[in-house]
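The values are calculated or read from the model by the stated rules, or taken from the named source; none is laboratory data. Note that the structure is predicted; figures quoted are calculated from it, not measured. Cβ coordinates were reconstructed from backbone atoms using ideal geometry, including for glycine residues, and neighbour counts include every protein chain displayed. Protein only, heavy atoms only, side chains kept; ligands, DNA and RNA dropped before computing areas. Shrake-Rupley method; radii C 1.70, N 1.55, O 1.52, S 1.80 Å.
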Amino acid sequence: MPALGNPEAAVQAAAMQDELQQRGIVGVAFSFLDNSGIARTKGVPLARLPQAAQWGVGMAPSFDVSLLDDSSTSSASAGGPVGDLRLIPDLDALRPLVAEPGWAWAPVERWSQEGKPHPQCQRSLVRQTVDAVGAMGLQVKTAFEIEWMLSCAEGDDYEPVTRAPAYGSIRMTELSDYTAELLSALAEQGIEVMQLHPEFSPGQFELSVAHGNPLQAADDNMLARRTIRAVGLKHGMRTTYSPVVEEGQVGNGSHCHFSLWRDAHNLLANGDGPHGMSAEGEAFLAGILRDMPALLAVGAPSVASYLRLQPSHWSGDFQCWGLENREAALRFVAGPSAVAESSANAEVKCLDATASSYLVIAAIVSLGLSGVREQLSLPQELLVDPATLSEAQLREHGIRQLPGSLQQSIDAFAGCEVLRSAFGQDLFETLIAVRRAELALFAKSNPQQIIAATRWRY
Ligand code: GLU
Ligand code: MG
C-alpha cells in the first residue's frame with residue numbers, strides 16, 4: 001500500500017529496476033483520475049523510481065477542482081494555486097505500457113507532505129470502501145465494460161473508421177490487425193479480457209474485463225483505456241470514450257458489473273430471493289437502486305452524459321431492475337444456471353466513461369452496503385422496455401425515468417446522506433462544486449457544442 005516515506009517502497013522499486021530496464025523501460029508514468037474523470041499524469045525516469053516510490057512526486061491539489069476543459073473551480077476545501085500533494089505509486093500495480101514503448105505505468109495515491117492520505121484521494125477511498133465491506137464479513141467483485149469509438153478524421157471532427165454492421169464480422173475483419181494487437185497488449189499487461197466485439201454505432205467497439213477486487217478493477221479500467229487509445233494511435237486512429245460522439249447515435253457506456261460474496265459464496269446465487277439471490281444480495285442491489293439518481297452525479301457526471309442517457313438506447317434510463325433487461329438501470333445477469341455461483345452478477349448500465357472508475361466503485365459499493373445494513377428488498381422486477389409503458393403504468397410499477405439533466409442528478413446527490421458519509425464532507429462538496437462548474441461551462445451550449453467539447457477529452 002502506498003505511503004509517504006516508506007523505505008521498503010524504495011527497496012522494492014530498486015529491485016524492480018533491472019527487469020524494467022531489460023524490457024526497455026526508461027520512464028514510469030504515474031496516473032490518477034481527477035473529479036471530472038480525466039486521467040492526469042506525471043512521469044519519472046526509471047532511475048528516479050526508488051526515490052519517487054518512497055517520497056512521491058509533487059502535484060498541485062488544484063486538480064481536485066479541475067474541469068474537463070482544464071479550467072478550475074473551487075470548493076470549501078479545494079482550489080487555488082497554493083499547496084502541494086505527493087503522488088505515491090502503487091508498485092504492486094505497476095505495468096509496462098506495451099503500446100507506449102519505453103514507458104511503464106502505475107496508479108498513485110495522493111498524500112499530504114505531512115504524511116497523511118489526502119482526504120480527497122479517490123484510490124484511498126476505494127481502499128476504505130473495501131475495508132468497510134470486509135468489516136461486514138463480505139467481499140465484492142467488480143468489473144467494467146469499456147465502449148469506445150474510433151475516428152479516422154483529420155483534426156477534431158469525428159469520422160468513424162468503419163460503417164460496417166453492428167456486431168458484424170465485416171467490422172471485425174476490417175480491424176483484425178488492430179484488435180489482435182490490442183488483445184495481446186492487454187494480456188501482456190496482465191489485464192484479463194473476457195470478450196471483444198464491434199458495438200452498435202459506426203466505428204464503435206467494446207471489451208469487457210474479468211471481475212477483480214474493486215481496486216484492481218478501477219486500476220485496470222484506467223490502464224485498459226490508456227492502452228486502447230495507444231494501440232489505436234499506432235494504427236492511425238483516434239479513440240473516444242465520450243458518452244455521445246455523434247448527435248442522435250447510441251453512445252459509449254461504461255457499465256459496471258459487480259457481485260457480492262460471503263465465505264466464497266456468491267450472494268447473488270443459491271439463495272431463496274428473486275432469481276436465486278440471497279437476502280443480503282438482494283438488499284445490496286436494493287440499496288443501489290434506491291439511490292440511483294444520486295449515483296448518476298458520480299457515474300454520469302458530465303453535461304454530455306445526459307445526451308447519451310435516453311430511453312431505448314440500452315443506456316438504462318429508468319430506475320428499475322430486471323433479469324437481463326438492457327433498458328433497466330440495474331440489470332440482473334444470472335448466467336447459465338449450471339454455473340450460477342460463478343456467473344451471477346448485476347450490472348449498472350446508466351454509467352459512462354466521463355466518470356471516475358474509482359468514484360463509481362466507491363459509490364456503488366457504499367450504496368449496496370447501506371441496503372444490506374437496512375435489510376432492503378427489491379421492488380418487483382420489470383421485464384419489458386420501460387419506454388413502452390404509459391405514465392400510469394410506470395407509476396403503478398413505481399418506476400421513474402432517471403434524471404434528465406446533470407442539475408437534477410446533483411440535487412439528488414446533494415441530498416444523499418449515504419454518499420456524503422462514504423465520500424467524506426470534503427470530497428462530497430468538491431464533487432458538487434465540479435459538477436456545478438461544468439454545468440455553468442455549458443449553460444449556453446447546444447448539444448452539438450457539448451458533444452464537440454467533450455469528444456476528445458475522454
Ligand atoms: N452503448 C450502450 C450505452 O450507451 C450500451 C450497449 C450495451 O448494452 O452494451 O450504454
Ligand atoms: Mg455494449
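Annotations
- Any hit, region 351-366, residues being out of contact with any Asp or Glu (no Cβ under 8 Å at 6 or more places or on another chain) and open to solvent by 10 Å² or more (accessible area, probe 1.4 Å): yes
- Filtered by the rule that a residue be part of a helix (DSSP H, G or I) and closer than 27 Å to ALA217 by Cα, region 362-397 gives ALA362, ALA363, ILE364, VAL365, SER366, LEU367, GLY368, LEU369, SER370, GLY371, VAL372, ARG373.
- Residues of region 214-225 that are away from ligand 2 (no atom under 16 Å from the Cβ) and touching a strand residue (DSSP E or B) at 6+ places or on another chain (Cβ under 7 Å): PRO214, ALA217, ASP219, ASP220, MET222, LEU223.
- Residue selected from region 281-317 under the condition more than 20 Å from the chain's Cα centre (by Cα) and within 30 Å of GLN448 (Cβ to Cβ), by the criterion least open to solvent (accessible area, probe 1.4 Å): PRO311
- So ASN252, is it surrounded by fewer than 21 Cβ atoms within 10 Å (Cβ to Cβ) and either closer than 19 Å to CYS152 by Cβ or modelled with pLDDT under 95 (or both): no
- Any hit, region 324-337, residues being open to solvent by less than 50 Å² (accessible area, probe 1.4 Å), within 16 Å of ligand 1 (Cβ to nearest atom) and among the polar types (S, T, N, Q): yes
- Of the helices (runs of 4 or more DSSP H) lying entirely inside region 234-308, the ones with 1 or more residues being within 16 Å of ligand 2 (Cβ to nearest atom) and under 23 Å from ARG400 (Cα atoms) are found at 292-299, 305-308.
- Boolean, THR173 is modelled with pLDDT of 95 or more, of a type in the set (Ser, Thr, Tyr), more than 16 Å from ligand 2 (Cβ to nearest atom) and out of contact with any Gly (no Cβ under 8 Å at 6 or more places or on another chain): yes
- Residue check, ALA353 under 30 Å from VAL245 (Cβ atoms) and part of a loop (DSSP other than H, G, I, E, B): yes
- Top-ranked residue in region 101-134 [being open to solvent by 10 Å² or more (accessible area, probe 1.4 Å) and acidic (Asp, Glu); ranked as nearest to ligand 1 (Cβ to nearest atom)]: ASP131
- Close pairs (6 angstrom Cβ cut-off, 6 or more residues apart or separate chains): in contact (Cβ under 8 Å) with a residue 12 or more places away in the chain in region 415-439, of a type in the set (Asp, Glu) and in a helix (DSSP H, G or I) anywhere: THR430/ASP64
- Cβ-Cβ under 8 Å pairs, at least 6 apart or on other chains, region 111-126 side hydroxyl-bearing (Ser, Thr, Tyr), far side open to solvent by less than 60 Å² (accessible area, probe 1.4 Å) and outside any helix (DSSP H, G or I): SER112/LEU4; SER112/LEU85; SER112/ARG86; SER112/HIS118; SER124/GLU109; SER124/ARG110; SER124/HIS118
- Those residues of region 86-96 which are open to solvent by 10 Å² or more (accessible area, probe 1.4 Å) and outside any helix (DSSP H, G or I), in sequence order: ARG86, ASP90, LEU94, ARG95, PRO96
The rows are residues; the columns are (1) more than 27 Å from VAL28 (Cβ to Cβ); (2) in contact (Cβ under 8 Å) with a residue 12 or more places away in the chain.
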{"residue": "LEU186", "(1), (2)": "no, yes"}
{"residue": "GLU192", "(1), (2)": "no, yes"}
{"residue": "LEU196", "(1), (2)": "yes, yes"}
{"residue": "ASN213", "(1), (2)": "no, yes"}
{"residue": "GLY248", "(1), (2)": "yes, no"}
